[in-house]
Amino acid sequence: MGKNNYVYACARVRANERNLLNKEKLNQMIDARTMEDACKVLQDAQYGDEGEVILPTAYERALVKESDKLYAFLHSLAPDADEFKIFAYPFDYHNIKVLLKAEATGADAASMLMSGGTLTPAQMEVTVRERNTLSLTPHMKKAIEEAVDTLARTRDPQSVDLICDRECYADIREVADRSKNRYLQGYVELLIDTINLKTFVRCRRMGQTWSFFESVYLEGGNISSRTFVAGYDEPIQQFATRLAATALAKAADEGSAAIKDSGSFTSIEKLCDDALISYVKDAKYISFGIEPLIGYAVGKQMEIKSARIILAGKAAGIDGSLIRERVRETYG
């Protein structure tokens with residue numbers, strides 16, 4: 001689609017942006033006296049079906065439904081937009097992982113499959129079972145073949161995750177490259193950087209070697225594997241200075257301080273998500289094109305994540321101040 005064809009789509013997105021939950025609304029959920037009151041904030045933001053009461057015991061279903069609504073909305077705006085596959089591919093690869101592991105163990109995968117991919121769960125189930133990969137990307141085909149072979153040799157289910165993650169982000173990078181859109185390319189590069197930073201921190205925490213980190217490092221970001229490996233044995237706050245000139249400077253600095261103080265990864269995960277929101281907000285100043293649609297989609301994803309954090313925290317009796325620390329920045 002050319003930019004002129006996005007005039008109507010962007011008008012629809014701007015209208016929907018008015019329903020996004022801003023920080024004030026999220027705080028209202030956190031401070032709500034009861035779970036019912038917190039869920040009412042979601043209802044007012046048009047979560048669920050019209051007139052539906054979101055029950056505290058069924059909030060997860062409402063959040064999943066809202067995610068499905070988001071991708072259906074994007075598809076209705078631009079059904080042929082290749083760019084939206086950056087959001088669809090993770091669901092495809094999730095389903096591939098689930099199906100291959102279930103196949104290896106004899107488990108039932110049905111309840112763990114997710115919609116939102118380029119193929120429906122039912123289509124992916126048939127595709128994986130019959131190894132009929134004509135409807136898949138070359139990277140999906142490679143992921144299935146390599147994962148099946150590796151799983152048969154090693155019996156290690158983690159190998160399925162690692163192989164599928166690598167091929168998933170290879171697919172996503174190719175979408176960004178095909179688009180020739182610098183905004184989308186920059187988002188994908190930053191997304192990959194956030195994943196690599198979180199993986200780096202986890203690998204160090206688990207006592208993994210730098211060579212293991214290199215094996216799970218995702219290509220396509222702005223931060224090279226050499227930067228991570230060079231600082232692998234440094235104190236985490238010293239390593240953070242290596243990222244001072246990147247978009248993840250704050251995530252590395254403040255996140256590493258939190259890890260040092262509390263040993264918790266929660267802060268760095270939030271700060272990485274906040275960096276992504278900060279990046280996509282530039283779309284608010286673009287009148288029409290794919291950018292406002294991508295920005296809205298990322299913003300809505302983060303909103304759903306924050307709603308899940310809040311409701312799960314309240315259900316678990318976690319103090320509001322702790323929940324507030326975990327809530328992501330908003331697009332609205």
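Couple of notes before you dig in:
- Selected residue (only one of Glu254, Glu291, Glu189, Glu214 is part of a helix (DSSP H, G or I), over 21 Å from Cys168 (Cα atoms), acidic (Asp, Glu) and at pLDDT 90 or above): Glu291
- Considered as a group, the residues in segment 242-251 that are part of a helix (DSSP H, G or I) and in contact (Cβ under 8 Å) with a residue 12 or more places away in the chain include one that is farthest from Asp273 (Cα to Cα), and that residue is Arg242.
- Inside segment 315-324, residues that are farther than 30 Å from Val13 by Cβ and touching a residue at least 24 places away in the same chain (Cβ under 8 Å) make up a count of 2.
So that you can scan it fast, the table gives a plain yes or no per residue for (1) closer than 30 Å to Tyr71 by Cβ; (2) of a type in the set (A, V, I, L, M):
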site: Ala257; (1), (2): no, yes
site: Leu271; (1), (2): yes, yes
site: Val280; (1), (2): yes, yes
site: Ser287; (1), (2): yes, no
site: Gly295; (1), (2): yes, no
site: Gly299; (1), (2): yes, no
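- Residues being surrounded by fewer than 17 Cβ atoms within 10 Å (Cβ to Cβ) and either among the aliphatic types (A, V, I, L, M) or under 12 Å from Met124 (Cβ atoms) (or both) - total across segment 135-147: 1
- For segment 35-60, the set of residues classified as surrounded by 12 or more Cβ atoms within 10 Å (Cβ to Cβ), without any contact (Cβ under 8 Å) to a residue 40 or more places away in the chain and of a type in the set (Gly, Ala, Ser) consists of Ala45, Gly48, Ala58, listed by residue number.
- When segment 285-332 is filtered for residues that are of a type in the set (Gly, Ala, Ser) and closer than 23 Å to Ser179 by Cα, the ones remaining, listed by number, are Ser287, Gly289, Gly295, Ala297, Gly299.
- For the condition within 17 Å of Tyr331 (Cβ to Cβ), at pLDDT 95 or above, in a helix (DSSP H, G or I) and out of contact with any strand residue (DSSP E or B) (no Cβ under 6 Å at 6 or more places or on another chain), Leu26 qualifies.
- Ile163 touching a Ser or Thr at 6+ places or on another chain (Cβ under 8 Å), part of a helix (DSSP H, G or I), closer than 23 Å to Leu191 by Cβ and among the β-branched types (Val, Ile, Thr): yes
- The residue that is modelled with the highest pLDDT, among those in segment 97-118 that are β-branched (Val, Ile, Thr) and under 16 Å from Pro157 (Cβ atoms), is Val98.
- Only one entry in Leu119, Leu99 is surrounded by 17 or more Cβ atoms within 10 Å (Cβ to Cβ), among the hydrophobic types (A, V, I, L, M, F, W, C), part of a helix (DSSP H, G or I) and not assigned by TED's automatic domain parsing to the domain that holds Val298, namely Leu99.
The values are calculated or read from the model by the stated rules, or taken from the named source; none is laboratory data. These numbers come from a predicted model, not from an experiment. No Cβ is skipped: glycine too gets one built from the backbone with ideal geometry, and neighbour counts run over all protein chains shown.
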